[in-house]
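Below is one structure, written out as structure tokens, with a few remarks after it.
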Amino acid sequence: MNTLYYLAYGSNLHPYRLMQRTPSASVVGTVELADTAIVFHKRSIDGSGKCMILKDEVHRPVAFGALYAMDPREGGMLDKAERVGKGYNKRLVKCPVGATEYVAFTYVADPSAIDASLKPYHWYKQLVIAGARYHQFPEPYISYLKDPESIQDPDNERRMSNECVLENMRMYPTPSSGRSR
């Protein structure tokens, strides 16, 4: 059986969250995304801002992502959850982890779905931060993720559901130290 590789950088960073969508997902390692910023400018169907990668060769930022391996039969489930073709498109990227370079897919915002005035919901931003903490990304990067203003989700049921996910993420076993970056 082949393996499908996925580069997560937003709300799918944490394995608990991703495994809800693709049960076979397992962490391969973490990846530095040079000249790339993560911003909350992708318009969601709920009206909030979701993560997107933004090439920024002027300011030379460094973003981070997590490389996951998964069963190829589950790729469609993740595409559906991410609404491919309705705001996100798939792109192949090279991801070096240790001495191995993987070719993975990731999601990029369609230009028509980008709006810099959007703000993420509190719970969504916390999903991203929890994933960054899980993977032990550098503290300055985690602070960068905390910086954008977020807003309260007006849908209480969706908010409470995602707050339960966050609580389960807090109880999820943390990785051992020394993972390759």
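Per-residue packing, averaged as other Cβ atoms within 10 Å, sorts the ranges 156-163, 118-125, 144-151, 2-9 into the order 118-125, 2-9, 144-151, 156-163, beginning with the highest. For Phe137, no residue whose modelled amide H falls within less than 5 Å of its own remains once neighbours fewer than 5 places apart on the same chain are excluded. The alpha carbon convex hull volume per residue for the chain rounds to 121 Å³.
Counting lysine pairs in the chain whose alpha carbons fall under 19 angstrom apart, excluding pairs fewer than 8 residues apart on the same chain, gives 20.
Test of understanding: what is the full-extension gain from Ile142 to Lys86, defined as 0.36 nm times their sequence separation minus their Cα-Cα distance? Contour length minus the Cα-Cα distance gives 17.3 nm.
Do any GluC sites (Glu not before Pro) in region 1-80 lie in a loop, going by DSSP, with at most 15 other beta-carbon atoms within 10 Å of their beta carbon, and if so which? Can you show the working numbers first?
Working: sites: Glu32, Glu57, Glu74; in loops: Glu57.
Answer by residue number: Glu57.
Find the percent of Cα-Cα distances in region 1-100 that exceed 22 Å, and round it to a whole number. Here the long-distance tail beyond 22 Å is 30 percent of all Cα pairs in region 1-100.
Mean separation of Cα pairs under 8 Å and 6 or more residues apart, divided by the residue count, gives the chain a relative contact order of 28 percent.
Laboratory data are not the source of any read-out in this text; all were calculated from the coordinates shown. Keep in mind it's a predicted model, so treat the numbers as computed, not measured. FYI the Cβ positions are ideal-geometry reconstructions off the backbone, even for glycines, and counts take in every protein chain you see.
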